[in-house]
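Following: one structure in structure tokens, then a few remarks.
The values are calculated or read from the model by the stated rules, or taken from the named source; none is laboratory data. Worth saying up front: this structure is predicted, and the values here are computed from it rather than measured. Note that each Cβ is placed from the backbone with ideal geometry, even for glycine, and that neighbours are counted across all protein chains shown.
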Amino acid sequence: MYIKIYFNEKPLFLCDTIDETIEPFIHHDDAVFIDELDTHSIKSMVHEMQLEKIHAGVFVHPDLTELKKQFFKKFKIIEAGGGLVLNEKDEILMIFRRGKWDLPKGKLDTRETIEECAVREVEEETGLKNVILIAPLLTTYHTYHEGSKFVLKESYWFSMKVNGEQQLTPQIEEDIHEIKWMTKKEAEDHFPNCFPSVIDVLKKFIESSK
């Protein structure tokens with residue numbers, strides 16, 4: 001098993017074994033490989049992943065739960081919920097935010113469940129009403145700097161659906177400037193202009209729906 005964390009566009013795999021997904025990365029000159037878990041090795045991996053010459057990382061330890069626990073201590077953790085929404089034509093709702101095609105999501109508020117957060121954020125960012133949550137889809141991780149803090153965002157994604165024709169209203173204050181229903185093929189065509197974690201969510205859904 002593994003957890004994939006994006007440092008900008010670059011994947012870091014926290015894993016308990018090297019499987020067929022991770023195997024190709026460990027032979028690349030521009031990838032960093034660490035298999036010892038201690039404070040120094042964690043610091044080293046975080047540092048290496050921010051270097052321009054490094055394009056991937058693999059951190060392997062037999063106890064993935066412990067590896068995750070120790071690695072996540074280095075970050076401020078922010079939880080978020082989001083949705084891949086389908087209409088009655090099986091089209092996917094995509095939003096255009098900060099120059100990228102994205103899926104609606106947002107931060108977890110106090111005293112709400114992650115499921116409630118996901119539905120609320122979808123409705124707030126798109127103007128949709130009566131969004132129906134179907135099932136968990138994927139959890140993604142990405143990092144960014146917030147002032148002096150290094151943040152790791154843990155985003156819980158759910159498949160969702162809506163019924164009937166609805167007015168789409170982009171939430172401008174969240175830098176959303178366009179909302180569009182897309183076929184699976186159209187969504188795939190936009191992969192070059194999507195965040196890597198969003199591509200992972202879309203791929204997971206498309207594969208599971210075949």
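If PHE25 satisfies every condition in (1) at positive phi; (2) not assigned by TED's automatic domain parsing to the domain that holds GLU154 but one, which is the exception?
It fails just one condition, (1).
Looking only at residues that are of a type in the set (D, E, K, R) and touching a residue at least 40 places away in the same chain (Cβ under 8 Å) in the stretch 163-185, which one is nearest to GLU121 (Cα to Cα)?
Per the criteria, the residue is GLU174.
Just for the stretch 117-147: of the residues that are in contact (Cβ under 8 Å) with a residue 12 or more places away in the chain and of a type in the set (D, E, K, R), which one is surrounded by the most Cβ atoms within 10 Å (Cβ to Cβ)?
GLU125
May I ask you to list pairs of residues, at least six apart or on different chains, whose Cβ atoms are under 9 Å apart, with the first in the stretch 94-116 being touching a residue at least 40 places away in the same chain (Cβ under 8 Å) and surrounded by 11 or more Cβ atoms within 10 Å (Cβ to Cβ) and the second being hydroxyl-bearing (Ser, Thr, Tyr) and part of a strand (DSSP E or B)?
LYS105/SER155; LYS105/TYR156; ILE114/TYR156; GLU115/TYR156
Filter the stretch 151-198 for residues that are touching a strand residue (DSSP E or B) at 6+ places or on another chain (Cβ under 9 Å) and of a type in the set (Val, Ile, Thr) and give the result.
Within the stretch 151-198, VAL151, VAL162, THR169, ILE176, ILE179, THR183, VAL198 meet the criteria.
Just checking, which of SER197, SER159, SER155 is touching a His at 6+ places or on another chain (Cβ under 6 Å) and either among the polar types (S, T, N, Q) or not assigned by TED's automatic domain parsing to the domain that holds GLY106 (or both)?
Every option except SER197 fails the conditions.
Residue-by-condition table, conditions (1) outside any helix (DSSP H, G or I); (2) closer than 21 Å to ASP200 by Cα; (3) touching a Pro at 6+ places or on another chain (Cβ under 9 Å):
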| residue | (1), (2), (3) |
| --- | --- |
| LYS4 | yes, yes, yes |
| PRO11 | yes, yes, yes |
| PHE25 | no, yes, yes |
| LEU37 | yes, no, no |
| VAL46 | no, no, no |
